[in-house]
Structure formats: structure tokens, C-alpha cells
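A quick write-up on the structure given underneath.
The values are calculated or read from the model by the stated rules, or taken from the named source; none is laboratory data. Predicted, not measured: the structure shown is a model, and the values here were computed from it. Cβ coordinates were reconstructed from backbone atoms using ideal geometry, including for glycine residues, and neighbour counts include every protein chain displayed. Note: accessible area is taken over every heavy atom of the protein model, side chains too, but ligands, DNA and RNA are not part of it. Shrake-Rupley method; radii C 1.70, N 1.55, O 1.52, S 1.80 Å.
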Number of protein chains: 2
Amino acid sequence: MINPFTDEYFMKKAVQEAEMAFEKGEIPVGALIVIDNKVIARSHNLTELLHDVTAHAEMQSITAAANYLGGKYLIGCTLYVTLEPCQMCAGALYWSQISKIVYGASDEHRGFVKMGTQLHPKTTVVSGIMANEASELMKRFFVERRK
Amino acid sequence: MINPFTDEYFMKKAVQEAEMAFEKGEIPVGALIVIDNKVIARSHNLTELLHDVTAHAEMQSITAAANYLGGKYLIGCTLYVTLEPCQMCAGALYWSQISKIVYGASDEHRGFVKMGTQLHPKTTVVSGIMANEASELMKRFFVERRK
């Protein structure tokens, strides 16, 4: 039997969210939280619109998923995000005890790997899923913005 | 001339916020953001009430201060917080480019110093202001909760 619910399947939806951010003039990052193959949160970066550095895609999805679940821990959940999380988002994910993080493009300057941010010991990480699509979107955004 | 607007002056108000968290059964942490000796945000930890790991006192004050200022950067602002910020909050403060952080008690396990979270290079840090009051409140809270 074919399992349609691959990491690519969900990351495609996160990329769609990133595209929605792009259309609004936001740095194009999209996120999704999934439990038992069900999407319980989806969001995109809104830092410009909201004038709020905390409005990263991941932060919004963490809040929305916890609201949906009625509890603050995201055990059993997977976050899909098009760009490697920053210190703030990785710090929030640490508190959430989320089970799995899947990200697309690496952020070699401000990503949590370079910054040394600690995740929860029970969190597993998968990287590079649809990395090209995610980083192309970022590159296009910054080229457009410089015009 | 006496300047009433010392770090202790503002930290006292942050401790009052922490006491409000305590009364609600929340881990007692309070925060304040000040610009030109004017309080533009005050908040306390609401992670239990909101079922949301992102609802730390600092995060709420960062959002509120940016709303007040109409821009996401907190240049010229000082954060007062009763407990040393965690990775998440320090990561948010990094993005905000806040000018000064004043905290009370150290968090030797999960504070940003131990965790190695990077602040913005222009941010200055003062620690230990009303540290006893802040840590006594924390200790009392955990003693109460164990009962």
C-alpha cells in the first residue's frame, strides 16, 4: 500500500504557506504542525504585518497546535517548516517537547544549529526536505526586495 | 536631584507582576518594558492559563511594546524581568534589538547564559537586581505546588 503522508507531502503545504508570506511582502517562511497525519496548525511569517519579531511561522503554529490539543505539550506532533528554526523558535520547540522537526533549507547564519540552541532530548530532526524550493523562494524574495 | 527611576524602581513593578502570576498558579515571572522612563508593557507568565509554552512574560511584553511603538524593533527600550530569560525569550530579544535587559534571579539550568543563546551585539545586560525577592517567590511557588 502506498502511504501518501510522506515528509514531502506535508512540506509541500508548508511551502504553500511560505508563498502566502511572499505575496504579503513577508520573508517567505511557512510552517505546519501535524499529529497522526492530520494538520492541526498552519501559518506563515507575519513579522512585518504585525510589527512583531515573535510572529515567526513556527511560533504561530506552536500556539495554534497547543490550542487545538488543549495542552501546551506537543508530544506526538511533527513541525514542518520551510527554513531552519532560529534560536527563539528552537527555544519554544524545546519547551513544547515536540516529537519531530522537519525543515527545508538550512539557515547557516541564524539557524539553531549554528547558534547552538538546545532542543528537547526527545525531539528528532530531519533536514533538507524540499530545501531547494524553500531556498529558491527566499532568494527570489530578497532579489525582489532589493529592486 | 534624586532620580527615582532606578533599575530597582522598575524591577519592583516586575516583581508585582510575578506575584500576580503566583496568585494564578503560574510560575511567578513578571516583566516590564520601559522607554524614556515610561512603562509601555507589563506582563506575567501565562503558560498554564493559555496552554501555550510561548506565553512567557518576556514574549508578551515584547509583543505589547512593539504594538505600542508601532514597529518591531525595541531600540531605546529596557526589559525588566524577574528571572533570567530562557533560550526562546533571549532569541526573541535578539531579533528585537532591545537596548538593555535587566533581570533579577539567575536561572542556572535553563537561562540563556548557561544555554549559550546569543543576544544582539548592541544589547547590554544587568543582572541580580532584586534577585532575592525574585528567587524567594520562585522557591515559595514550588514549595506550594508540591503540597
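Does A:Glu26 count as among the charged types (D, E, K, R) and open to solvent by less than 20 Å² (accessible area, probe 1.4 Å)?
So A:Glu26 passes the test.
Considering (1) touching a Ser or Thr at 6+ places or on another chain (Cβ under 8 Å); (2) open to solvent by 20 Å² or more (accessible area, probe 1.4 Å), the lone condition that A:Ala105 does not fulfil carries the number (2). The set of residues in region A:77-107 that are closer than 17 Å to A:Arg42 by Cα and of a type in the set (D, E, K, R) comprises A:Glu84, A:Lys100.
B:Val125 - would you say it is outside any helix (DSSP H, G or I), hydrophobic (A, V, I, L, M, F, W, C) and farther than 16 Å from B:Phe10 by Cβ? Let's see the steps before the verdict.
On the way: outside any helix (DSSP H, G or I): yes; hydrophobic (A, V, I, L, M, F, W, C): yes; farther than 16 Å from B:Phe10 by Cβ: no.
Judged against the criteria, B:Val125 is not a match.
For region B:58-66, indicate whether the set of residues that are over 14 Å from the mean Cα position of the chain (by Cα) and without any contact (Cβ under 8 Å) to a residue 24 or more places away in the chain is non-empty. Within region B:58-66 (the criterion being over 14 Å from the mean Cα position of the chain (by Cα) and without any contact (Cβ under 8 Å) to a residue 24 or more places away in the chain), the answer is no, since none of the residues qualifies.
In the set A:Leu69, A:Leu83, A:Leu50, only one residue is closer than 23 Å to B:Ser96 by Cβ and surrounded by fewer than 20 Cβ atoms within 10 Å (Cβ to Cβ); that residue is A:Leu50.
Every test in (1) within 15 Å of the chain's Cα centre (by Cα); (2) closer than 24 Å to A:Val113 by Cβ is passed by A:Ile75 save one, and that test is (1).
Yes or no: B:Leu69 closer than 23 Å to B:Gly128 by Cα, touching a strand residue (DSSP E or B) at 6+ places or on another chain (Cβ under 9 Å) and not acidic (Asp, Glu)? When the stated conditions are applied, B:Leu69 does not pass them.
For region A:1-17, which positions are open to solvent by less than 90 Å² (accessible area, probe 1.4 Å) and modelled with pLDDT of 95 or more? Matches in region A:1-17: A:Thr6, A:Asp7, A:Glu8, A:Tyr9, A:Phe10, A:Met11, A:Lys13, A:Ala14, A:Val15, A:Glu17.
Counting only residues that are of a type in the set (A, V, I, L, M) and under 27 Å from B:His120 (Cα atoms), region A:103-147 holds 9 of them.
Can you pull out every residue in region B:108-131 that is open to solvent by 70 Å² or more (accessible area, probe 1.4 Å) and free of Cβ contacts under 8 Å to residues at least 24 places away in the same chain? Passing the criteria: B:Glu108, B:His109, B:Lys114, B:Pro121. Exactly one residue out of A:Val53, A:Val81, A:Val34 is under 22 Å from B:Cys89 (Cα atoms) and in contact with a Ser or Thr (Cβ under 6 Å, 6 or more places away or on another chain), and it is A:Val53.
Among the numbered conditions (1) over 13 Å from B:Thr117 (Cα atoms); (2) surrounded by 18 or more Cβ atoms within 10 Å (Cβ to Cβ), the only one that A:Glu136 does not meet is (2). Please determine whether any residue of region B:129-147 is within 24 Å of A:Asp52 (Cα to Cα) and either part of a helix (DSSP H, G or I) or over 13 Å from the mean Cα position of the chain (by Cα) (or both). Scanning region B:129-147, I find no residue that is within 24 Å of A:Asp52 (Cα to Cα) and either part of a helix (DSSP H, G or I) or over 13 Å from the mean Cα position of the chain (by Cα) (or both), so the answer is no.
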